[in-house]
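Working notes for the structure below.
Any read-out appearing in this document is the output of simple, stated calculations on the displayed coordinates, not a laboratory observation. Every value quoted in this text rests on a predicted model; they were computed, and no experiment measured them. Don't worry about glycine lacking a Cβ; one is built from the backbone with ideal geometry, like all the others, and counts go over all protein chains shown.
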Amino acid sequence: MANTTTNPRGKEDRNNPALEKAKEVGTQAYEKAKDVASSVGEMVNQAASTVGKTADNLTSGAGTQLKNLGDTLSAHTPQEGMLGNASQAVASTIRQGGQYLEEAGLSGVAEDFTNLIRRNPVPAVLIGIGVGFLIGRALRS
């Protein structure tokens, strides 16, 4: 009995053409599904990359606008005296923040934020708990 195989129930089957065809169709379906999954994965990666680049561009644009706001504040506020010193300090801080956003983008800000949390884990957790508490109270009211 060279062409016999034992199935799980203990019965012997001869080479069944329908069984062979089913195996072949199953293998082809598996390969096709694998190709489709690979294509979908590539499309998702491309979409995520595009979204990330768009977010970085938007953040950079916001940084440019903040920098321009700092320049405008500096030009239209007093230059001398106590009020002048305060307004120039605010304008300078806004300008520096805008420049940082413009240069770093969203990915750079996220990386810096992650590094800050790694360097100061306990204060980060305490701040997170405090913010969560405040949000909870605001939503409950």
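Quick rundown of the values:
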item: Residue 36 paired with residue 50, simple spin-label distance in nm, labels 7 Å along Cα-to-beta-carbon; result: 2.2 nm
item: Whole-number percent relative contact order across the chain, with pairs defined as alpha carbons under 8 Å at least 6 apart; result: 19 percent
item: Whether segment 23-106 is rounded, prolate or oblate, judged on the alpha carbon gyration tensor where a/c under 1.5 counts as rounded; result: prolate
item: Cα-based helix-to-principal-axis angle, 81-119 vs the chain, degrees rounded to 10; result: 20 degrees
item: Residue 112-residue 82 FRET efficiency (beta carbon distance; Förster radius 41 Å; 0.05 resolution); result: 0.80
item: With Cα atoms, 0 to 90° folded angle of helix 17-76 axis to the chain main axis; result: 0 degrees
item: Nearest-0.05 FRET efficiency for residue 131 and residue 99, computed from C-beta distance (R0 25 Å); result: 0.40
item: Charge dipole magnitude, Cβ of K and R +1, D and E -1 - the chain, Cα centre, debye nearest 20; result: 680 debye
item: Dipole axis of segment 23-106 (+1 Lys, Arg; -1 Asp, Glu on Cβ), positive-most option in 26, 98, 63; result: 26
item: Choice from 39, 92, 49 showing the highest fluctuation, given a GNM over the chain with Cα pairs closer than 10 Å; result: 39
item: The chain, helix-only ellipticity at 222 nm - DSSP H runs n ≥ 4, -39,500 (n - 2.57), divided by all residues, nearest 500; result: -31000 deg cm²/dmol
item: Inter-part distance where segment 103-118 and segment 37-64 are each reduced to a Cα centre, Å; result: 17 Å
item: Phi-based couplings in Hz for segment 125-133 (Karplus 6.51, -1.76, 1.60; Gly and Pro marked x); result: 5, 5, 5, x, 5, x, 5, x, 4
